[in-house]
1. Answer yes if at least one residue in region 82-96 is farther than 23 Å from Gly254 by Cα and assigned to a loop (DSSP other than H, G, I, E, B), and no otherwise.
2. Working carefully through the options Gly257, Gly241, find the one that is under 22 Å from Ile126 (Cβ atoms) and surrounded by fewer than 23 Cβ atoms within 10 Å (Cβ to Cβ).
3. Just for strands (runs of 3 or more DSSP E) wholly inside region 119-196: which have at least 1 residues that are under 16 Å from the mean Cα position of the chain (by Cα) and closer than 21 Å to Gln213 by Cα?
4. Going residue by residue through region 45-59, is there one that turns out to be basic (Lys, Arg), in contact with a Pro (Cβ under 7 Å, 6 or more places away or on another chain) and assigned to a loop (DSSP other than H, G, I, E, B)?
5. Identify the single condition in (1) at pLDDT below 95; (2) assigned to a helix (DSSP H, G or I) that Pro70 does not satisfy, given that it satisfies every other one.
6. Take Pro168 and tell me if it is surrounded by 14 or more Cβ atoms within 10 Å (Cβ to Cβ) and in the same structural domain as Leu276 (by TED's automatic domain parsing).
7. So which of Ile75, Ile87 is under 19 Å from Gln45 (Cβ atoms) and under 21 Å from the mean Cα position of the chain (by Cα)?
8. Can you spot a residue in region 35-42 that is assigned to a helix (DSSP H, G or I) and either under 23 Å from His108 (Cα atoms) or in contact with a strand residue (DSSP E or B) (Cβ under 8 Å, 6 or more places away or on another chain) (or both)?
Amino acid sequence: MMRIILITPAPPRSRTGNRATATRWANILRSLGHHVQIAVQYDGQKADMMIALHAWRSAESIHHFTDCFPDKPLIVAITGTDAYRFIHSHAQTTQQSIRLAHQLVGLHDLIANTLPADQRHKMNVIYQSAMPITKRMPMKRYFHVSVLGHLREEKDPLRPALAVRLLPGSSRIQIHHYGKTHSLEWENRAREEMASNPRYFWHGEIPHYKIRQVYQRTNLLVLPSRMEGGANVISEAVVAGIPVIASDIEGSIGLLGSDYAGYYAVEDENKLAQLLLDAESSPKFYQALEKACLARQPLFTPEKERDGWHKLLMNTRGVIHN
C-alpha cells in the first residue's frame, strides 16, 4: 500500500471536470489498495507518491513535493489547457513540471504530440471511464441536442446556438445547454441568445444524476470546444449510446478516432449546421455515427481505466527503482 497525495486545482464540492476526475481517480487508487488524500495544494505532508492534475496550475505543489522528496515517484496529468495553452503561454513553468515528472498521464491518443520530443516516452494514455445508463428513450416530439460544458472561451459554448440559427424552418432541432457560466458576461450572452433564438435553451449547472437523465432522452451530443484534454462527456455519451458531433480538435479525435464522420472545423457554424441537419434528417448518417460510437465503448469501461492505473503505478515504480 502507498500513501498517495492527489493534487487538483479544483476545490471540494466543485462540479468541474478536474474535481470529478480527481475523485474518480482517488476511488480507483483506493480500490487498488492505496491510501489517497485529495488536496488543492501540497503542504509538505508525508506521501509515497504524488499525482498532480495540471502541469501549470499545480506547478508550485509539484516543485514543493520534489524538493521534499526528490526520490519519490511523481505522476503529472497533462490537461487540455496544459497541452494547448500553457505549454506555449507559460512554457518554462509547464515544461519544468513535465520534466520533473517520472511519468505523465493523458486522456486521449494524440496528447503526446503536444509534448517536447524528449518527454513523449513518459506519456501513458488512460481513457476516462463511464457507467452505463438505463434504457434510452430519445425524444420524438423534437430533436434534442445536448451541449454539456461550462460557458467559457475555450469551450466555444455558443457555436451550436449560432449553427441552429442557420437551419430551415422545417427542422425540429433544439439545443439544450447544461453548464455554469464563468463570468457575468457569459451569463448575459447566454440569456440574450436564449431570448432571441427559439431553438436555444440554457439550463445552467445541474448535478450529475440529472445529466444522466439527459443522456436517457437526448438524441445527440455536441462538443464544440476549441481545446480539450480528453473530455469525459465523450466517454459518457459513447457508453450511453449517444451519437456525437464534435469540433475537429485533437482531444476529440484522440477519443473518437481519425475516421469518425461527425467532425466539423473549429468555429465553423455552417458545417456544424449541416451535420446537425444530416443527423436529424438522414437515418443512415445518424446510424453511422451511432455505430461508430458503440464500437468505441470498450475503451471507456471502469475495468480498463482501473487496469490502466495499475499498470501506470507499476511502470512508475520501475522507473524509480531503475
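The values are calculated or read from the model by the stated rules, or taken from the named source; none is laboratory data. Keep in mind that what you see is a predicted model, and the values were worked out from it rather than measured. Note that we place each Cβ from the backbone using ideal geometry, even for glycine, and neighbour counts take in every protein chain shown.
1. yes
2. Working: Gly241 fails: under 22 Å from Ile126 (Cβ atoms).
Just one listed residue meets the conditions, Gly257.
3. On the way: elements: 123-125, 143-148, 173-178.
Counting at least 1 such residues, we get 143-148, 173-178.
4. Start the filter on region 45-59 by keeping residues that are basic (Lys, Arg), which leaves 46, 57.
Still in the list and also in contact with a Pro (Cβ under 7 Å, 6 or more places away or on another chain): 57.
Going one step further and asking which of them are assigned to a loop (DSSP other than H, G, I, E, B), we end up with 57.
Yes, region 45-59 contains a residue that is basic (Lys, Arg), in contact with a Pro (Cβ under 7 Å, 6 or more places away or on another chain) and assigned to a loop (DSSP other than H, G, I, E, B).
5. The failed condition is (2).
6. Values: surrounded by 14 or more Cβ atoms within 10 Å (Cβ to Cβ): no; in the same structural domain as Leu276 (by TED's automatic domain parsing): yes.
For Pro168, the condition - surrounded by 14 or more Cβ atoms within 10 Å (Cβ to Cβ) and in the same structural domain as Leu276 (by TED's automatic domain parsing) - is not met.
7. Values: Ile87 fails: under 19 Å from Gln45 (Cβ atoms).
Of the residues listed, the single one that is under 19 Å from Gln45 (Cβ atoms) and under 21 Å from the mean Cα position of the chain (by Cα) is Ile75.
8. From region 35-42, those assigned to a helix (DSSP H, G or I) are none; that's our starting set.
Checked against the condition, which is being assigned to a helix (DSSP H, G or I) and either under 23 Å from His108 (Cα atoms) or in contact with a strand residue (DSSP E or B) (Cβ under 8 Å, 6 or more places away or on another chain) (or both), region 35-42 yields no hits at all.
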